[in-house]
Amino acid sequence: MKMRFQGFTLVELIVIAAIIGLLALTAVPRLVEKTTDTNIATLENAKLTLLSTTSKIAATSIKLEIDSHAAAFLPIKDDRVSGIDVVFGYPAASATGLAMAVDPRFLSEWGFAADEDKSTQLIAPASITDQVGADIDFAAISLSKCYITYKTPRNVREQPEIHLETSGC
């Protein structure tokens, strides 16, 4: 006698759906955790880059004797046009200061938002804010709770403050 295979029973389909659901329940949190870890690692790497870069800029500013100026221009090429805005020897909290100090291409991959008095810059990768370049919405970045805060020095011999906010990553 020949038996014909007619498909799966309803019970078998429900069991398969339950197994797939359980696998999804364990896989999704791990995927979200990896994304969070990646965002935090990106910010930490950028912070280290900023620390290194600001130290180099400060050393150059001291050498050129512009470290005591509340506002100065540090040329980065011989053309005297390309350069970095500095405040007391450190990059200014602006796209022409901070982004130029790190790398001009930084503007195409990160978003920069300055507060009203231009003393604080929030920096976030485009993958978090969906915005790139200078002068993006300060509130949008601050609401993301996943950014770097850069505060310009207010006095001679004061260093910039660089902090991470990762609670929303």
(message) If I filter region 11-65 down to residues being within 28 Å of the chain's Cα centre (by Cα) and charged (D, E, K, R), which single residue comes out as surrounded by the most Cβ atoms within 10 Å (Cβ to Cβ)?
(response) K47
(request) State yes or no: is L98 of a type outside the set (S, T, N, Q) and over 17 Å from E44 (Cα atoms)? (result) no
(message) Restricting to region 68-91, give me the number of residues that are modelled with pLDDT of 90 or more and crowded, with 21+ Cβ neighbours inside 10 Å.
(response) 6
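To keep it simple, each residue is scored yes or no on (1) closer than 17 Å to S119 by Cβ; (2) in a helix (DSSP H, G or I); (3) without any contact (Cβ under 8 Å) to a residue 24 or more places away in the chain; (4) of a type in the set (A, V, I, L, M, F, W, C).
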site	(1), (2), (3), (4)
E44	no, yes, no, no
K47	no, yes, no, no
L50	yes, yes, no, yes
K56	no, yes, yes, no
T60	no, yes, yes, no
I66	no, no, yes, yes
A70	yes, no, yes, yes
D85	yes, no, yes, no
M100	no, yes, no, yes
(message) Please determine whether any residue of region 102-110 is in contact with a helix residue (DSSP H, G or I) (Cβ under 7 Å, 6 or more places away or on another chain), surrounded by 13 or more Cβ atoms within 10 Å (Cβ to Cβ) and in contact (Cβ under 8 Å) with a residue 40 or more places away in the chain.
(response) yes
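The values are calculated or read from the model by the stated rules, or taken from the named source; none is laboratory data. Every value quoted in this text rests on a predicted model; they were computed, and no experiment measured them. Because the Cβ atoms are built from the backbone with ideal geometry, glycine has one as well, and the counts that use them run over all protein chains shown.
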